[in-house]
Amino acid sequence: MAALAETPDENPTDENVSAGQTWSAGRRLGGRYRLERLVRGFGGSHSPEPQLWVGVDELLNRKVGVDLIAAEHPLLEEVARAARDAAAVPDARFVQVLDAVRDEDLLYIVTEWVPGAEQLWERLNEGPLSPAKATAMIREATEAMVRAHEADVAHGALNAATLLITATGQVKLRGLLVEATLSGVSPEALEPEARYAADVLALGRIWYAALTGLWPEAQGDLPLLPAPRDESGDRPYSPAQIRAAVPKQVDTAVRRTLGIGDPESAPTITTVKELADVIRALPRLHDETAEPTSVLPRSRSRSTPPAPAAATTRLDPRSPRDAAHSWAPPQGSGGSGGQGGSAGTAFWRRRGVLAVAGCAALALATLAAFQFGGNGDGAAAAQSTGTGSTPSVGTVTIPAGTVGSQLSIASATVWDEQASQSSIDAAKSAFDPTSTTGWKTTTQLATHFSGTYPGGSGIGLIFDLSGSHEVDEVKFQIPFSGATVEVLTGSNASDASPTWSSTSGPKGYSVQATQSSAPAGQDIVLKFAPVTTQYVMLLFTTLSYQQAVTSSKTPAGYRDGLIDVRVYGA
């Protein structure tokens, strides 16, 4: 049985980074910037690790990002120099460096904070972008990098996490030079030609991922899965081999950017200036979402040849962005001169009436099939296809994560052995989008707890949706990395407040999805087959160890939390 921390505040908003080094929420830097919430650490072998915080510029009353680097960090001077160089690049498509100050115990770098922005990999959870949107995004990123390279500044860490898409669809690149320097791989250590070529290759990888939803490298990147590779295993399939909607010119440009094209017909692109020129030379791409979605083709003259089979657009089942192109009636069809046009028009008008009548008959026949054909065991459907495993007419299999929109959460209940009052009071903060602290678990002392609950037991929150809904997706964030989190759903109304157990999970609940080694400071998206329920639970079955927080008198132990919980369904 886990021992609970007996402290005045068991829901701290920050953690002790290392012994003798505390960066706490509420601390003011330079008498102006107040730290609010830890977003993530940058990693590395040095302790304390550099960290990114959300802060408030109290002078201008706006949110800012604040990178904190300990004064004794071996890369301190390099990071400070990188911040100064990044601030000198005059392009609003970069997350701007606003200030860089050396304080007594740390260097802090203040940056623009972009509210409502998504990392590209988060957007790709919904499926790949349309070729038009993916190419427009890369064009913006490439043109921004042209400005940076003209100022002799490389990025060094371009990927699907450092490219942001704002709520209005604008592209923002964060971490120019600073992100790579903090990781210990400074672009400045490379020859200019090599570091600039590395940025071009990174843009090609991002373009590939935006078009396919896959990462072109063998190991994948972030949550993106690696793309399938050719027989030799040396090269990924081209975007057009994975997704037929990708135009040939775009496919060639991506292959050239990645260096996987024919050296003679498609030489590798090595500078962002050349890449920008190639993108500008592409034919205009129309966003498929603006095209008609009717299944009935428009009329066309006899002189207009039908589309070849190879040009048929294959729709990506994960994305509604691609729609097949429709035929447009040719100008002046039906003969030469004004007189011939009128006879041709009358002819095709009659053909159009017959086509509409035929389609109406087909629609009625289809409706009748749904009304009278799907009457039980699906035998008729099985007989018509020659297989007993085919579902009956009208049967639809709904894939995970496609049911609908965000659902309203009415309340949250703590599932814990001895939930403290502060934990109970803070439960509603877990699903409050305006909360910067969220809900924290009680701290489990290491003297009686090893970090893992036995038998599926744990600690977490039960969310009441105030009525039954079909649920298939949950999104949330956690403040500390490394935990294991499960999504569970209750089966009936008696599951509103199940009794806590030290040896098993909550009675009446079923596990729908699990996230192991959960990352901190970013959206965790768990999708599963649709299930009808009123109660959704997020349960920590393992917790990560955190140092003591002296400012709130919270001892060292195992703890975590939940921030910005969202439930999706219908």
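The values are calculated or read from the model by the stated rules, or taken from the named source; none is laboratory data. Please read all numbers here as calculations on a predicted model, not as lab measurements. Note that we place each Cβ from the backbone using ideal geometry, even for glycine, and neighbour counts take in every protein chain shown. Only protein heavy atoms, including side chains, enter the accessible area calculation; ligands, DNA and RNA are left aside. Shrake-Rupley method; radii C 1.70, N 1.55, O 1.52, S 1.80 Å.
Using the Kirkwood formula over every pair of different C-alpha atoms, what hydrodynamic radius in Å results for the stretch 496-570? Walk me through the numbers on the way to the answer.
On the way: mean 1/r = 0.0655 Å⁻¹.
About 15.3 Å for the stretch 496-570.
Please list, in order along the stretch 23-38, the HN-Hα scalar couplings obtained from phi with the Karplus expression 6.51 cos²θ - 1.76 cosθ + 1.60 (θ = phi - 60°), rounded to whole Hz, x for Gly and Pro.
3J(HN,Hα) across the stretch 23-38, in whole Hz: 10, 10, 4, x, 5, 9, 10, x, x, 9, 9, 9, 6, 10, 8, 6.
What does the convex hull of the Cα atoms come to per residue for the stretch 229-273, in Å³?
Numbers: hull volume 3.7 nm³, N = 45.
With only Cα atoms used, the stretch 229-273 gives 82 Å³ per residue.
Could you pull the accessible area for Asp91 with a 1.4 Å probe, rounded to 10 Å²?
Approximately 10 Å² for this residue.
Per residue, how much space in cubic angstrom lies within the convex hull of the C-alpha atoms of the stretch 80-204?
On the way: hull volume 14.1 nm³, N = 125.
Hull volume over Cα atoms, normalised by residue count, gives 112 Å³.
Can you sort Arg62, Arg284, Arg174, Arg84 by 1.4 Å-probe accessible area, starting with the largest? Walk me through the intermediate numbers first.
On the way: Arg62 100, Arg284 200, Arg174 50, Arg84 145 Å².
Result, largest first: Arg284, Arg84, Arg62, Arg174.
Output the pairs from Lys248/Lys273; Lys248/Lys527; Lys172/Lys475; Lys63/Lys273 with a Cα-Cα distance over 29 Å in this structure; if there are none, say none. Spell out each step's value before the answer.
On the way: Lys248/Lys273 22 Å; Lys248/Lys527 33 Å; Lys172/Lys475 23 Å; Lys63/Lys273 34 Å.
Over 29 Å apart, Cα to Cα: Lys248/Lys527; Lys63/Lys273.
Work out the FRET efficiency for Glu126 and Glu264 from their Cβ-Cβ distance, taking R0 = 41 Å, and round it to the nearest 0.05.
Working: r = 38 Å, r/R0 = 0.94.
Using R0 = 41 Å, I get an efficiency of 0.60.
Heavy atoms only, probe 1.4 angstrom, no DNA, RNA or ligands counted: give me His286, His73, His46 ranked by accessible area, highest first.
Values: His286 110, His73 20, His46 50 Å².
Largest to smallest exposure gives the sequence His286, His46, His73.
In Å, the Kirkwood hydrodynamic radius of the stretch 417-570 over pairs of distinct alpha carbons? Please report the intermediate quantities before stating the final value.
Working: mean 1/r = 0.0636 Å⁻¹.
After inverting the pairwise mean of 1/r, the radius is 15.7 Å.
Which FRET efficiency value, to the nearest 0.05, do you get for Thr452 and Glu417 by plugging their Cβ-Cβ distance into 1/(1 + (r/R0)^6) with R0 = 22 Å?
Step by step, r from the Cβ atoms, then E = 0.90.
Mind listing the Cα extents of the stretch 147-209 along all three principal axes, in Å, largest one first?
36, 22, 21
Can you work out the FRET efficiency for the pair Leu190 and Lys63, with r the C-beta to C-beta distance and R0 = 30 Å, to the nearest 0.05? Write down the numbers at each step before the final one.
Numbers: r = 34 Å, r/R0 = 1.14.
Once the sixth-power term is evaluated, E becomes 0.30.
Long-range amide H contacts for Thr270: which residues qualify at under 5 Å (H placed 1.01 Å from N, peptide plane, sequence gap of 5 or more or a different chain)?
Hits under the 5 Å cutoff: none.
Report the label-to-label distance for Arg81 and Ser466 in nanometres (one decimal), using points 7 Å from each Cα along the Cα→Cβ vector.
Placing both labels 7 Å along Cα→Cβ, they lie 5.8 nm apart.
Between Thr271 and Asp103, what length in nm is gained on full extension when 0.36 nm per residue of separation is reduced by their alpha carbon distance?
Details: separation 168, 0.36 × 168 = 60.48 nm, distance 3.85 nm.
Computed gain between Thr271 and Asp103 is 56.6 nm.
What distance in nm separates the simple spin-label points at Asn492 and Asp152, each placed 7 Å from Cα in the Cβ direction?
Spacing of the two 7 Å Cα→Cβ label points: 7.5 nm.
Enumerate the amide H contacts of Ala513 below 5 Å, restricted to partners 5 or more residues apart or on another chain; note that Pro and chain-start residues carry no placed amide H.
Here the answer is Val487, since their amide H atoms fall under 5 Å of that of Ala513.
Name the residues whose placed amide hydrogens come within less than 5 Å of the amide hydrogen of Ala426, ignoring near sequence neighbours (fewer than 5 apart) on the same chain.
Under 5 Å from the amide H of Ala426 lies no amide H from a residue far enough along the sequence or on another chain.
Kindly write out, for the stretch 165-178 in residue order, the coupling ³J(HN,Hα) from the Karplus curve 6.51 cos²θ - 1.76 cosθ + 1.60 (θ = phi - 60°), rounded to whole Hz, with x marking Gly and Pro.
10, 6, 5, 9, x, 7, 9, 10, 10, 9, x, 3, 6, 5
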